[in-house]
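The values are calculated or read from the model by the stated rules, or taken from the named source; none is laboratory data. Model, not experiment: these values are computed from the prediction. Please note: Cβ atoms are built from the backbone with ideal geometry, for glycine as well, and neighbour counts cover all protein chains shown.
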Amino acid sequence: MDTIRIPPLSQADVPVSVTWPTLHPTQSDWLVEPKAVGGGLIVARTLVSGEALNTAIRVINMTDQEYTIYCDDELGKACQATVTGDGGRTT
């Protein structure tokens, strides 16, 4: 990922590289939980395919200034997601 600039008061899908906890992750999807990163940048909850090495996550710049994301910035951690019988909600 290159350096990415997020305009003020906007959202964007940012390409990310996925680092799996093991060499062979189980066949399931992964959930990135929402998180505040720096001053005014929010990472949105994002569902990531268990087969993806590269994907995108949504970020929201809540400030009135441009926000820069650098190539080595960690934007969040993914947890293994499971679908429950409660209306198809993901946990």
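Among the conditions (1) part of a loop (DSSP other than H, G, I, E, B); (2) exposed (fewer than 12 other Cβ atoms within 10 Å of the Cβ), A36 misses just one, which is (1). Mind checking whether some residue in the stretch 47-55 is within 12 Å of the chain's Cα centre (by Cα), closer than 16 Å to Q11 by Cβ and small (G, A, S)? No, there is no match, as no residue in the stretch 47-55 is within 12 Å of the chain's Cα centre (by Cα), closer than 16 Å to Q11 by Cβ and small (G, A, S). Scan the stretch 40-71 residue by residue and report those that are at pLDDT 85 or above, in a loop (DSSP other than H, G, I, E, B) and of a type outside the set (A, V, I, L, M, F, W, C). Selection gives G40, R45, T63, D64, Q65, E66, Y70.
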